Every structure is written in structure tokens, then in C-alpha cells.
Number of protein chains: 2
Amino acid sequence: MAQPDRTRDAERTRAEIIQVATREFADKGYAGARVDEIAAKMSTTKRMIYYYFGNKEQLYVEVLEHAYAGIRAIEQELDVEHLDPADAMRQLAELTFDHHESHPDFIRLVSIENIHRAEHIGRSTVLSGLANPALDVLARILDRGREAGVFRSGVDPLDIHMVISAFCVFRIANRHTFKAIFKRDMLSPDHREDHRRLLGDLVLDYLTR
Amino acid sequence: MAQPDRTRDAERTRAEIIQVATREFADKGYAGARVDEIAAKMSTTKRMIYYYFGNKEQLYVEVLEHAYAGIRAIEQELDVEHLDPADAMRQLAELTFDHHESHPDFIRLVSIENIHRAEHIGRSTVLSGLANPALDVLARILDRGREAGVFRSGVDPLDIHMVISAFCVFRIANRHTFKAIFKRDMLSPDHREDHRRLLGDLVLDYLTR
DNA sequence: TAATTAACGTACCAGATAGTTAGTTACGTT
DNA sequence: AACGTAACTAACTATCTGGTACGTTAATTA
């Protein structure tokens, strides 16, 4: 794939390596990904991977960092302060729902990283302890709902985040074994709207009980 | 590790290979697992793996089949027909909660299999389409609850199974990245009882709305 | 008890794979 | 325009890894 005579551009080369490596790692896992395969899919050579990233593991860490940065950027835009608590909560849940559905590679990287017991995230100063901006928004919605007397009190924001994440991550991360065993594709359009509503109902029925 | 002069027992040898391989695959993933490493942890030799299983992939498939068989066996024992629908549903959810917590290797194998898009389950005649016995129990509880007028109607049993699985699987499968980012161990005793109750409340508040 | 076979062990190999050595070239600086 | 350095390439290697060739021994059977 490597083309001679191309202009030199460190940023572009780095970015291309990250992009190709993201697909490869998300596709095959850390151990299953092949450095040679990543190189073959780039317009530069394998040596450049080692030039910029040093080794396979560091490349993987930077792939993870890049993926998490993308998510954070989207969450930053969330603005539900103008909605009443119930609508705000539903919208937050649906944003997570939509986001995870449209970023399966990110979900796969997270699954892969959990197989490795998050050892790479732990080693990354950028990622470890990186707060989720959506969590502050969630806490604020819960406070407003409780003050308005519509939400139950004593609810931990992180627990609600966990419930929403669990549902949205499961749909994507476990869709293959789920389909193989139950013969239902959780991502088919037939179920998408039902699941989206189910998630919102689940969270709101709990909070407003 | 291989000991000379041991008695010959095909079943025992096969069982030991499956047992050691289960740990290795669950620990390192399919590509990360090493046949030599599995052999080193056995009381027999690598040759026996190929003698009984042919190749690494077939060994992995039989590890998966064995793991799923264990789960099925536990679910078979479920008997909640004597409980009222709400209690029955809560008990079913808590059984899944407890089960997944005490079988992390199974959850890891499922995650790993999803990274591989369930291609091995698909290839296994034993596993593909293997119905979950708990699903029939769940459908029966929903019917009884609806007939008694306490549960909402139009609820798909598989959707409820999905919600329960999502919550219980997430706690185990994603605990490492969750802890790295939010500094909370979902498996710590501090949260265990809260989460167990949260799951039951979540499902029942939804069904009884 | 001799023959047969299933169960097992030792030693090895070919290809794959992460990482490296040694150099070359574009490009901004002065 | 010459110089220094960052960006880049091609070819190579040490090691790892799934898999195998070949021989041996315990148990079963006739």
C-alpha cells in the first residue's frame, strides 16, 4: 500500500495509523490484531508505527485514548437544562442509546479492554479516572427531579448511569451471542424503537415510583 | 507437569484439558491463549490436546459448549411456580444476578465470543439455537402476573430477559473499565445488596406501572 | 497369553510475528 | 545553497506458536 513520493506530514501519518489501528484492534482484539496487517492497510510502512508509537501496546493505548476522547466530545454537547426532569432523563438515556449504536467499534474496544482487566487504561494517565461529563448532567437532573417532587430521593447518579450503560452496551456488545441463541437481532429496526422506549420507561418508572 | 506412570483414563484426561483450557481462554481470550501454556498447566502433554480436540479452535468450541452446559443445568432447577408473580420475578432476577457473579469465567467467555461475532457458537450444532430454560419460566411468570392484573400487558419475555441479562452481565463484564474511570468497584460488598435490590425494583416498577 | 488398539510421550518443524538495523529523502532554517 | 533534522523506507531477524512425525506403553480382547 505504501506510496513513494508522498509529502511528509507527521500529523497525518500519526492520524492514519491510529485510524487503521482502531479498526484492526476493534475487529480482532489486542492479541488477535497484527501489526503487519495494520501496516498493510496504511499508506505508510510498519516502521512508522514503531517510529511514532514505540510498540504494539503503546499503539493500542493511544487508540483507546483517541476513542474515549471522541465520546467525551459528544457528551460535552449535552444540554437538557431547559427540559423538565423526566424529559431530560429520557433524552439523556436516548442519547446514550443512539451514541452506542452508532459507535460499535468503541464498544468493542471497551469489551476488549475489560478482557484485559483495564490494565492499559490503568497505565494511561490520560484515561485513568477520566470523569464522564454526562455524569454531572445526570446528577443535576436527579436533583431537579427530586426538588420538584417527581423523582424518588436517595438515588445515586452513578447507579442510574450504570443501568443506562448496561442496557445500551449490552445491546451492542452481546448482540452476536444473543442472536445465535435467541434468534433475535437486537439491532434490527423492528426492535430499535421498542428498546429505546423500554429503556426510558425502565428508568423513569423506577425514578418516579 | 506431565507425570509418567499414571493410569490411563480418556474421560479424565479430556475433562482436565477442558478445565485448564477454560481458565486459559477466559483469562487471555482466544488469540491470547497459548496451547503450550494450557499444556504446561495440565498433568498430560500438548499432544493430548491435538489427540482429543484436533486443533486450538475445536478445543475452544468445546470449552464454550461445556460452559453453556453448566449454566443450563443451574437454570433447570429454577422453581418459582409457588410464588406470586412479583416475588417470582424478583427471585428470577436475583438468581441471574447471583449466578453471573459466581461465574465470571463464563461471562468472560461470552464477551470473548462476542468479539469473535459468535462465529464459534454458530459453528457448534450443540450451542446454536440452544434455548434458555429460564426464558420459559419468565414467560410463565409474566402470564400469571398479567392474568392477576398486577403486571402490564404486551410485555415480551425476551425483552425482560434482555434487561436482566444486561444489568447482570454489565456488572461483571465491564467492572474493570468502570472501576478505572469511575473509581467504583461494582463487585464490592458495599454495593452488592443495593444493586441486587435495584435490579428487582427496576424490573418490577416497570412491570407493575 | 498373544494380538490389537486406545492412550500417551518426546522431539521437532515451518510459518508467523513483533520488533530492529541501517540507511535514504524531504524540508525548514540560516 | 548547504546543512541538520524529522520523516520515511526496505530488508532483516530472533523468537514464538500451532501443529506434527514417530515411537512407546497400558489395557482390552480373542
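No value in this document is a laboratory result; all are computed from the given coordinates. The shown structure was predicted, so the numbers you read here are calculated from the model rather than taken from an experiment. Backbone-built Cβ (ideal geometry, glycine too); neighbour counts: all protein chains shown.
Within the range B:92-111, list the residues whose amide N lies under 19 Å from a label point set 7 Å along Cα→Cβ of B:E77. Answer for this model: B:92-107.
Working from Cα pairs under 8 Å separated by at least six residues, relative contact order for chain B is 21 percent. R0 = 35 Å: FRET efficiency of A:Q19 with B:E57, Cβ-based, nearest 0.05? The pair A:Q19/B:E57 has a calculated efficiency of 0.70.
Relative contact order for the range A:112-209: 23 percent, from Cα pairs under 8 Å spaced at least 6 residues apart, divided by residue count. The average projected area of chain A, computed from the convex hull of its Cα atoms over all directions, is 14.3 nm². For the range B:1-54, the calculated P(r) over all alpha carbon pairs, in 10 Å bins from 0 to the bin holding the longest distance, is 25, 58, 15, 2 percent.
For the range A:162-178 versus the range A:40-99, the inter-centroid distance based on Cα atoms is 18 Å. Note down the net charge around B:A86, summing +1 for each Lys or Arg and -1 for each Asp or Glu among other residues with Cβ under 15 Å from its Cβ. Charge balance in the 15 Å sphere: -1. In the protein assembly as shown, taking the dipole from charged Cβ atoms about the Cα centre, the farthest positive-side position among B:H116, B:Q91, B:L187 is held by B:H116. For the protein assembly as shown, what does the helix formula give at 222 nm: sum of -39500 (n - 2.57) over DSSP H segments with n ≥ 4, over the residue count, nearest 500 deg cm²/dmol? When only DSSP H runs of four or more count, the value is -23000 deg cm²/dmol. For A:D84, no residue 5 or more places off, or on another chain, has a built amide H under 5 Å of its own. Of all lysines in the structure, the ones whose alpha carbon falls short of 22 Å from that of B:K46, not counting any fewer than 8 places away in one chain, are B:K28, B:K56.
The mean number of Cβ atoms from other chains found within 10 Å of a Cβ in peptide B:196-207 is 4, as a whole number.
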